[in-house]
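The structure appears below as C-alpha cells.
Every number in this text was worked out from the coordinates using simple rules, so none of it is lab data. Quick caveat: nothing in here was measured; it's all calculated off a predicted structure. No Cβ is skipped: glycine too gets one built from the backbone with ideal geometry, and neighbour counts run over all protein chains shown.
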Amino acid sequence: MKLPTFEPYKIKMTEPVYTSSREEREKWIKDASFNVFNLKSEQVIIDLLTDTGTGAMSDRQWSSLMTGDESYAGSASYYNLKEIVTELTGFPWVIPAHQGRAAENILFSVLVKEGDIVPGNLLFDTLTGQIEFRKAIPVDCTVKEANDLYSWFPFKGNINLAKLEDILRNNPHEKISCVIVSVTNNAAGGQPVSMENLRGVRGLADKYGIKVFLDATRFAENAFFIKNRETDYAEKSIREIVLEMFSYADGMTMSAKEDAIVNTGGFSAYRDEELYRKAVGINIVYEGFTTSGGMPGRDMNALARGLTEGTDQEYLKSRIDQISFLGSKLMEYGIPVIEPFGGHAVYIDAERFLPMVPKEEFPAQVLVCEIYVEGGIRCSEVGTLMANRNPITHENRYPLNEFVRLAVPRRVYTDNHMAYVAAVVKNVFNRKGNINKGFRIKKEEPILRHFTLELEGM
Ligand SMILES: Cc1ncc(COP(=O)(O)O)c(C=O)c1O
C-alpha cells in the first residue's frame, strides 16, 4: 500500500476555537455593518480572512526570538536575515520592514511619480493603493487565461508579454516606473507565474531599459508550482528554482507574513547599490535605521528562520495539499471554485454561486456574510469592494470576476477544520435560491475602502 503523506511537523501548543450560535452571528455581522473586518476575532470560529501574519511559528522560530539582538545599529539579527535573503535571492542589498506595504512604500517612493504607468499582473490591493496614492496608473497585463476560471491553465498568474511589450513600446520611457510581477498572483486567485514567463518579462525589460521587481510575498509557493508544473524543473530543488526566479528581477518587496511564516515582518531587496542607497534614505525618514527598518531584532531572527522553513519542499507539499483538500471537497459538493486551486487559498466564483444578486449589490460580499452566519467562518471578498472606485470618475470598478477567497493560514488548521469549512459552504449552496438581495454602501474611505467600509442591506 502506498503510504499517505503527512504534515512534516507535530503540534506542541494549541489555542481555543470559539463557538457561537447562528443567532449571535446574525447580530454580530449586523453590528459589524456587514464588513467582516469589523468582527472581533472571538466572534469567528474558523478564520480564513487572510493567510497574512496568521501562520503558526515553529519552536525554532519562537526560540530564535530569545536570541534577537536589539542593538539600534548593526544588529546581528539583521546580518542573520540579510545572509539568508542574499543566499535565497542573490540580492546583496536588503532593508527590513515591519510588513509588506512598508517595503512597497519605500520602493515606490523611489520609483513612482505622478502620471507614471506601472504595468504588472493584477496587482494586489496594497500595491494598487500605493501606485494610485501617488497618482500613477497600474496597468494590468495578466494573461487572458486568468479570466477563464474553469480552464486548467497551469500559470494563470503569467504576464501577457505581447501586451506588456505594447505598453513598453508605446509610452515614453520616463513614464514607466518599472514592471511589477506578483508571485503568486493573489488577485488572480493565488495563481503562479512560470519561469518561462519571468524570463520573457526580463527579456522585454532589457530591450526597453526598464527595471523589474517581484512582489515576492508567496515566492516559495510559486516555486513549488514551477517544480510541479513546468517542464525541466521537476528535478530542481526549491532553492535552485527560487534563485533562478529572482535572477530575472532587479529587486523585490516581500510581506514576510506569508511564505516566511511570521506574524509580522517584511523587507525589500535590491541588486543595484545606487537604488538601495535611495531606498535607505526613505527608510530612515519613515521606518527606522538601515539595519532594522523598525523591526525588532527578535522578529528579524524569526523571519530569517521562517525563510528556511518556508522553502522546505516537504512543508510546501503539505501546505499545497491542504489547499487541494479543501478545494476538492468544495468541488465534490458542486461549488463553483476556480481551477486550478491557488497556492494559499481557494477562490469561489461568487457570481455563479449567487446569480440572483446583481453585481451592483456586491454578490461576493453577500456570500462572505452568508458563510459567516452559516458556520462562523470568516473569509474575504475579492470583488468590486476591493477593486475600489475609479480614482478619476469615482464610479465603482467592476472587476471581471467576483470572488470569495478562503485563505488558509499556514500550519494552523487541520484537514478536519477544512472539512467543516466545506460543509458550511455546501449548506449555504443548498439554500442559495433564497438569497437574492445584496448591500448598499453606507460609508467608505477613498483608498483601500474594503478594510473599513460600512454596508447596509437593500
Ligand atoms: C501579494 C501581496 N502583496 C502585498 C501584500 C501586503 O502585505 P502586508 O499586509 O504585509 O502589508 C499582501 C498581503 O496580503 C499580498 O498578498
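For the range 35-192, a/c is not less than 1.5, where a ≥ b ≥ c are the root eigenvalues of the C-alpha gyration tensor, and a/b does not top b/c. That puts it in the oblate class. Annotation: peptides 61-68, 378-385, 262-269, ranked by per-residue average of other Cβ atoms within 10 Å with the highest first, follow the order 262-269, 378-385, 61-68. Here r is the Cβ-Cβ distance between Met458 and Thr67 and R0 is 41 Å; the resulting FRET efficiency, rounded to 0.05, is 0.15. How high is the relative contact order of the chain, in percent, with contacts defined as C-alpha pairs under 8 Å that are six or more residues apart? The normalised contact order for the chain reaches 23 percent.
Of the residues Ile159, Ile392, Ile441, Ile84, the one with the fewest other Cβ atoms within 10 Å heads the list, and the complete ranking is Ile392, Ile441, Ile84, Ile159. Seen from all directions on average, the range 39-80 presents a Cα convex hull projection of 4.9 nm².
For the peptides 122-132, 360-370, the ranking by mean Cβ contacts within 10 Å, running from highest to lowest, is 360-370, 122-132.
Ordering of 420-429, 270-279 by packing is 420-429, 270-279, highest average first (other Cβ atoms within 10 Å, averaged per residue).
Counting every alpha-carbon pair across the range 129-174, the share separated by more than 17 Å comes to 50%.
Diagonalising the gyration tensor over the Cα atoms of the chain and scaling each eigenvalue by 5 before taking the square root yields semi-axes of 33, 27, 22 Å, largest first.
Based on every Cα atom in the range 13-107, Rg and the maximum pairwise Cα distance Dmax equal 19.5, 55 Å. Residues whose amide H falls under 5 Å from that of Asn35, counting only those 5 or more places apart or on a different chain, are Leu455, with hydrogens built in the peptide plane.
When Leu214, Leu303, Leu3 are sorted by how many other C-beta atoms sit within 10 angstrom of their C-beta, beginning with the fewest, the order is Leu3, Leu214, Leu303.
With bins 5 Å wide beginning at 0, the percent of Cα pairs of the range 161-262 falling in each bin runs 2, 13, 23, 23, 18, 12, 6, 2, 0. Structure note, pairs Lys10/Lys426; Lys27/Lys437; Lys27/Lys443; Lys163/Lys278; Lys10/Lys257: Cα-Cα distances above 23 angstrom occur for Lys10/Lys426; Lys163/Lys278.
Here the chain is assigned +1 on the Cβ of each Lys and Arg and -1 on the Cβ of each Asp and Glu. Its dipole about the Cα centre then comes out at about 400 debye. Ellipsoid fit via the Cα gyration tensor, the range 343-455: semi-axes of 25, 17, 12 Å, each the root of five times an eigenvalue, largest first. Gyration tensor over the Cα atoms of the range 111-206: the corresponding equivalent ellipsoid has semi-axes (square roots of 5 times the eigenvalues, largest first) of 22, 16, 10 Å. Annotation: the residues Lys175, Lys227, sorted from fewest to most other C-beta atoms within 10 Å of their own C-beta, follow the order Lys175, Lys227. Calculation over all alpha carbon pairs of the range 326-375 in 5 angstrom steps from 0 returns a P(r) of 5, 20, 25, 28, 17, 6, 0 percent. Over 23 Å apart at the Cα level, from the set Lys175/Lys207; Lys30/Lys442; Lys82/Lys135; Lys359/Lys432, are Lys82/Lys135. Taken about its Cα centre, the range 82-122 carries a charge dipole of about 60 debye when Lys and Arg each add +1 at the Cβ and Asp and Glu each add -1 at the Cβ. Measuring r between the beta carbons of Leu243 and Phe153 and using R0 = 35 Å, the FRET efficiency lands at 0.85.
Relative intensity of the range 400-452 on a log10 scale, I(q)/I(0) at q = 0.27 Å⁻¹, equals -1.09, per a Debye sum over C-alpha point scatterers of equal strength in the absence of solvent. Computed on the Cα atoms alone, the convex hull of the range 254-332 gives a volume of 126 cubic angstrom per residue.
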